[in-house]
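First comes the structure, then the notes that go with it.
All of the numbers you see were taken from the coordinates with simple rules; none came from a lab. Not measured: the values here are computed from a predicted model. Reconstructed Cβ throughout: ideal geometry from the backbone, glycine too, with neighbour counts over all protein chains shown.
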Amino acid sequence: MHIEEYTTYQESEVLALYGSVGWTAYTEQPEALRRGFAGSLLTLAARENGTLVGLLRAVGDGCTVVLVQDLLVRPDHQRRGIGTALMQAALERFRSVRQVQLLTDDTEKTKGFYRSLGLLTLPELGCCGFMRP
């Protein structure tokens, strides 16, 4: 497995990856996803034998705040350290940024994963978050 910056958007492989994890809100709007990639601060790809098996996409200013917008790994490649490697690469890249944030499903699995990387939930930091419904 190899981690690299994802600099050349290839719609078919991106849609296949997002589809593999059931993120249909993205796959149903491929043009919006393409524009999202174009406006991203950083996109990292995990490849195995040339195949895209994982991806991390971050947005923000890169100085004071970064939001990890997407972290996904093909289901048949999960639990192999790919998501960890992608997150560690992003956290290292943004080590001087005070606020590295993300939103994720409220499950013990996801909370355990992100805690293993040293991240805390908003309540653990004495914070709360807001989203438009």
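Once every DSSP H run of n ≥ 4 in the chain is given -39500 (n - 2.57) and the sum is divided by its residues, what mean residue ellipticity at 222 nm do you get, rounded to the nearest 500 deg cm²/dmol?
Numbers: 5 runs with 44 residues, N = 133.
For the chain, the value works out to -9500 deg cm²/dmol.
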- So if R0 is 25 Å, what FRET efficiency would GLN78 and ALA38 give, r being the distance between their Cβ atoms, rounded to the nearest 0.05? 0.35
- Using alpha-carbon coordinates, inclination of helix 11-20 to the longest axis of the chain, degrees: 60 degrees
- Distribution output for region 36-104: share of Cα-Cα pairs per 5 Å bin in percent, first bin at 0, values 4, 18, 28, 24, 16, 8, 3, 0
- Rounded tilt (10° steps) of 82-93 against the dominant C-alpha axis of the chain: 60 degrees
- Task: Normalising by the residue count of the chain, find the relative contact order in percent from Cα pairs under 8 Å and 6+ residues apart.
- Result: 19 percent
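Quote the charge dipole size of region 2-125 about the Cα centre in Debye, to the nearest 20; the model charges only the Cβ of Lys and Arg (+1) and of Asp and Glu (-1).
Working: 13 positive and 15 negative charges, 66 e Å.
Roughly 320 debye, rounded to the nearest 20.
Which order, highest average first, do 60-72, 6-18 follow once you tally other Cβ atoms within 10 Å for each residue and take the mean per peptide? Intermediate results must be reported in sequence, preceding the final value.
Numbers: 60-72: 16.9, 6-18: 14.8.
Put in order of decreasing packing, that is 60-72, 6-18.
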- Could the peptides 84-97, 23-36, 41-54 be put in order, highest first, of the mean number of other beta-carbon atoms found within 10 Å of their residues? 41-54, 84-97, 23-36
- How many angstrom lie between the C-alpha centres of region 99-133 and region 48-69? 17 Å
